[in-house]
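To start, the structure itself, in structure tokens.
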2 protein chains.
Amino acid sequence: MPRVDRRAEVSWNGNLARGEGRISAPSGAFAGLPYSAATRVAARAETTSPEELLAAAHAGCFAMSLAGELREAEARIDVTANVVLDEVDGQGHRIVESQLEVRARAPGLEQAAFDEAVEAADRGCPFSRLIAAAAKVTINATLED
Amino acid sequence: MPRVDRRAEVSWNGNLARGEGRISAPSGAFAGLPYSAATRVAARAETTSPEELLAAAHAGCFAMSLAGELREAEARIDVTANVVLDEVDGQGHRIVESQLEVRARAPGLEQAAFDEAVEAADRGCPFSRLIAAAAKVTINATLED
């Protein structure tokens with residue numbers, strides 16, 4: 001895989017308490033997603049947050065990484081990521097954890113091979129490695145029938 | 001700000017080469033965003049990637065952090081983030097950099113105060129801190145009239 005550059009744009013209007021931002025991707029995959037200080041703390045329908053976007057990135061990266069390890073043409077992989085932002089003594093707010101819940105179906109795959117694939121996917125996923133440098137990555141993986 | 005949990009979900013079908021995934025947020029802010037190995041490398045219209053989502057998260061976090069430092073009710077802040085994924089010797093692919101381009105308007109704000117605010121925003125933004133633990137964060141900030 002060659003070097004990849006990906007870009008996104010944000011416009012923020014106003015101060016922290018009353019202002020709001022809009023998040024867009026030049027690709028057109030999403031445009032004008034609203035967020036604010038209030039909705040970053042208390043999730044509100046149809047609004048996003050940096051933490052939600054990181055959860056999407058980590059889940060997406062891990063699912064693709066696991067697909068690469070399983071090599072099964074008929075694999076089905078479901079990943080949920082839960083990203084935690086919390087106050088850390090003396091540092092202010094930090095991303096402290098990303099918790100992955102993984103469920104996979106892959107006809108004929110043995111449990112031991114699945115467990116190895118999950119470990120390899122975590123080692124290989126650039127987002128697991130990025131997050132693990134500063135926070136905790138936990139993975140709970142289930143092989144389904 | 002209390003502890004914040006934010007979640008996203010991904011479903012992947014198939015292997016790495018031919019499969020594809022869909023990325024959704026329970027908030028409803030985005031749903032079924034498509035991505036694949038091919039579109040992660042070569043951006044295609046209407047498809048996203050983990051790197052694009054991280055760029056969105058970092059730009060969103062930084063813009064909000066800077067709004068908090070500026071404290072200006074009439075501030076307008078535009079942030080573009082460019083996230084770089086590249087091969088690192090002996091480690092495979094890693095997130096190696098996030099480059100921020102920041103433009104701000106804030107009536108009456110002096111350049112020196114703006115420069116200090118940008119530095120403080122970088123120190124305080126949880127995504128700058130997360131990324132800087134494993135990769136490079138660069139900021140090019142301009143105060144506009």
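The values are calculated or read from the model by the stated rules, or taken from the named source; none is laboratory data. The structure presented is a predicted model; accordingly, all values stated were derived computationally and were not measured. Heads up, the Cβs are rebuilt from the backbone with ideal geometry, glycines too, and the neighbour counts pull from every protein chain shown.
Evaluate the stretch A:70-79: report whether one residue or more is in the same structural domain as A:Val10 (by TED's automatic domain parsing), touching a Lys or Arg at 6+ places or on another chain (Cβ under 8 Å) and at pLDDT below 95.
No, the conditions are met nowhere in the stretch A:70-79.
Every residue in the stretch A:44-92 that is surrounded by fewer than 21 Cβ atoms within 10 Å (Cβ to Cβ) and among the aliphatic types (A, V, I, L, M), please.
Once the filter is applied, which keeps residues that are surrounded by fewer than 21 Cβ atoms within 10 Å (Cβ to Cβ) and among the aliphatic types (A, V, I, L, M), the stretch A:44-92 yields A:Ala45, A:Ala73, A:Val84, A:Val88.
Does A:Val137 fit the bill of being more than 10 Å from every other protein chain (Cβ to nearest Cβ) and within 30 Å of B:Thr80 (Cα to Cα)?
Yes: the conditions hold for A:Val137.
Quick check, is B:Ala25 small (Gly, Ala, Ser) and facing chain A (nearest Cβ under 7 Å)?
The answer is yes for B:Ala25.
What number of residues within the stretch A:10-22 satisfy the criterion of being buried (at least 20 other Cβ atoms within 10 Å of the Cβ) and in contact with a Pro (Cβ under 8 Å, 6 or more places away or on another chain)?
Counting residues in the stretch A:10-22 that are buried (at least 20 other Cβ atoms within 10 Å of the Cβ) and in contact with a Pro (Cβ under 8 Å, 6 or more places away or on another chain) gives 1.
Of the conditions (1) in contact with an Asp or Glu (Cβ under 6 Å, 6 or more places away or on another chain); (2) not in a helix (DSSP H, G or I), B:Leu100 fails just one. Which one is it?
Result: B:Leu100 passes all but (1).
From the list A:Leu85, A:Leu66, A:Leu16, A:Leu53, exactly one residue is more than 7 Å from chain B (Cβ to nearest Cβ) and either touching a helix residue (DSSP H, G or I) at 6+ places or on another chain (Cβ under 8 Å) or closer than 13 Å to B:Arg6 by Cα (or both). Which is it?
It is A:Leu66.
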